[in-house]
Amino acid sequence: MANTLLSSKVSILEEEPRIRSINAVQTSIAAMVGVTERGPIATPTLVTSFDEFRAIFGGFTADADATLAAQGFFENGGQFLYMVRTVHYTDPATAATKTSAAATINLQTPAGAATPGLVLGTLTEPFNLEPGDDLDIAVDGNPADTATFDAAAATRTSGNTETFDLSDGLTLTVSIDGGSVQTVIFNTAEFADITNATALEVATVMNAELAGCNVTVAAGAVVIISDKRGTDSGVNVTGGTANTGGVNRLNFTTGNIAGTGDVADIDAVTVAEIKAVVEADVTAGAGVLVTNVGGAVQIQSNTTGGASSIHVEAGSTADDELGLDNATHNGGAGAAVNTLQVDGKTDGAYGNDLSIMVTVATSGDADEFNLIVLDDGLVAETFPNLSMVDTAARYAETVINAEGTGSNLIAVTDLDASVDSQRPANGTSSNLSGGDDGLTGLADTDFIGDSAGPTGIRALDTVQDVNLLLIPGQATSAIQNAMITYCEDTRAMSMFA
């Protein structure tokens, strides 16, 4: 029939039938909820190949239907897969109630030699003490011995007592603590009667003209006392016209007289002096050893092991001046201590097949080490030249736990062991233990999940642009209905179950 209508009438126009096409559903982006050997739980994880899937979620196991499904998905042209691993939850509304667990083991330091009980001061020499200060030190649980620091100033007393027959211009020459000679000149104006000078008048003049000492009066005599207390102090009256030659001059004995004690200067005591006094006075048990550690005092028992101990008691008077605390410090038995915790990177019994080998570092640095992860005795991962120093470029935690470049099998935690070297001992550990897949009691609700968790299907709530929802190996009506409801209602028909 012609397509042009030449008159006003009802006409029937016949055309060839046309088929209206329906857009195909894109099947290259899918989301899957299922059981896997390992991997993050209740966390949508994007993988773009089956190799990537296996690296994160592990291989084929009797329960891992999701692994076989993922293989088929990628072999048939699938490109993007969001995988949600599920386990049994005691309450799917709370993800923390998962019943799975990660395997774990603690690597230890090498066993070392037994160590003594010791205490280290926090202050450095010289130490400002007072005569009679002491340290009460208990060694290896024995009653405390007392180490006392004695010091007395050099003292010289005039041979005559007041009054003294002096005259204008007379002198007295004195050296203090081995220093240069100082001269005292007595002038008439300084006395009420210089020919009958009192001891106090003489002392007053001498105090005004002498440095490094103090001049006092005792029983009518003039007494010169060094300011320094200890064996380095000294008073040396070397002469002078006021000392001898008259009827009643001062009459000091000439020559040096030294101070006394067991330190040279009680105001500036050295570690060496502390050592001499303490080691001589503290003899309980096997005694003690005092050493200089950067100018600080370290006191240690001469025994080693768990029974070795040092305790500077609170009744001491020199402890604060030396920076010594009053705690009991015990020795060590030299046993190995935990230094590096190794866990399965994710929960699962797979971790129970892992063991750790520690070897000498490839770098040759004695403080570094190689860490090798063995899976059923076969090398799975190797991390060379690791360090236990937090600031090191190859710090064990930083290298092994790094996302993308770190381990797919383990995670490590530095336990900050209280030892000089935190490096793990060389050797192969026993297998990690305690790993659990969390499949006992696995139920439909663990796949369906809960938005509060979010767990199961609801862990996908934050994922966009997904076309297909898969739960392989689970054909129950409850799961099928939950999938349909999620796709039609929650995702507003944007997904197909």
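Taken together, the values in this text are just the output of simple stated rules run on the coordinates, not laboratory data. Note that the structure is a prediction, hence the values are computed from the model and not measured. We place every Cβ from the backbone using ideal geometry, glycine too, and count neighbours over all the protein chains shown.
Compute the separation of the alpha-carbon centres of segment 438-497 and segment 96-145 and state it in Å as a whole number.
56
Which of the aspartates and glutamates could a cross-linker bridge to K98, judged by Cα under 16 Å and excluding same-chain residues fewer than eight apart?
E37, D347, D436, D437, D444, D446, D450
Between A366 and S180, with labels modelled 7 Å along Cα→Cβ, what's the label distance in nm to one decimal, could you check?
Going from the A366 label point to the S180 one covers 5.4 nm.
Arrange the following residues from fewest to most other Cβ atoms within 10 Å of their Cβ: M493, M206.
Numbers: M493 8, M206 22.
Starting with the residue having the fewest Cβ neighbours, the order is M493, M206.
Rank the residues H329, H311 as a footprinting-exposure proxy: fewest other Cβ atoms within 10 Å of their Cβ go first.
Working: H329 18, H311 22.
Ascending Cβ contact count within 10 Å gives the list H329, H311.
Multiply the residue separation of E279 and N481 by 0.36 nm, subtract the distance between their alpha-carbon atoms, and state the gained length in nm to one decimal. Could you put the intermediate results ahead of the total?
Numbers: separation 202, 0.36 × 202 = 72.72 nm, distance 8.49 nm.
Answer, rounded to one decimal: 64.2 nm.
Using +1 at the C-beta of Lys and Arg and -1 at the C-beta of Asp and Glu, which of F73, L409, L439 has the Cα lying farthest in the positive direction of the dipole of the chain?
Ranked along the dipole, the leading option is F73.
Find, among the GluC sites (Glu not before Pro) in segment 367-472, those assigned to loop by DSSP (not H, G, I, E, B) with at most 11 other beta-carbon atoms within 10 angstrom. Let's see the in-between values first.
Numbers: sites: E368, E381, E397, E403; in loops: E368, E403.
Here the GluC sites (Glu not before Pro) that fit, given the DSSP loop and packing criteria, are E403.
Mind jotting down the distance between the C-alpha centroids of segment 235-280 and segment 370-426, whole Å?
If we compute the Cα centre of each part, the gap is 65 Å.
Relative to the longest principal Cα axis of the chain, at what angle does helix 199-209 sit, 0 to 90 degrees, rounded to 10?
50
For E130 and S494, calculate 0.36 nm times their separation in residues minus their Cα-Cα distance, and state this gained length in nm to one decimal. Don't skip to the answer; put the middle values down first.
Values: separation 364, 0.36 × 364 = 131.04 nm, distance 8.73 nm.
Taking E130 through S494 to full extension adds about 122.3 nm, to one decimal.
Below 12 Å, Cα to Cα, which aspartates and glutamates can K228 reach? Residues fewer than 8 away in the same chain don't count.
E130, D177, D265, D267
What is the angle, in °, between the Cα long axis of helix 65-75 and the longest principal axis of the Cα atoms in the chain? Nearest 10 is fine, range 0 to 90.
So the inclination is approximately 70 degrees.
On a 0 to 90 degree scale, rounded to 10, what angle separates helix 271-281 from the longest Cα axis of the chain?
80
Test of understanding: ordering S309, S175 by Cβ neighbours within 10 Å, fewest first, what list do you get?
Values: S309 22, S175 16.
Neighbour counts put them in this order, fewest first: S175, S309.
So what is the relative contact order of the chain, in percent, for Cα pairs below 8 Å that sit 6 or more residues apart?
Values: 1227 pairs, mean separation 107.7, N = 497.
Once normalised by length, the contact order is 22 percent.
In the set (1) 50; (2) 55; (3) 71, which value of percent of Cα pairs over 29 Å apart was calculated from the structure you see?
Answer label, from the structure shown: (3).
Mind ordering 319-325, 462-468 by average Cβ neighbours within 10 Å, highest first?
Per-residue mean Cβ counts within 10 Å order the peptides as 319-325, 462-468.
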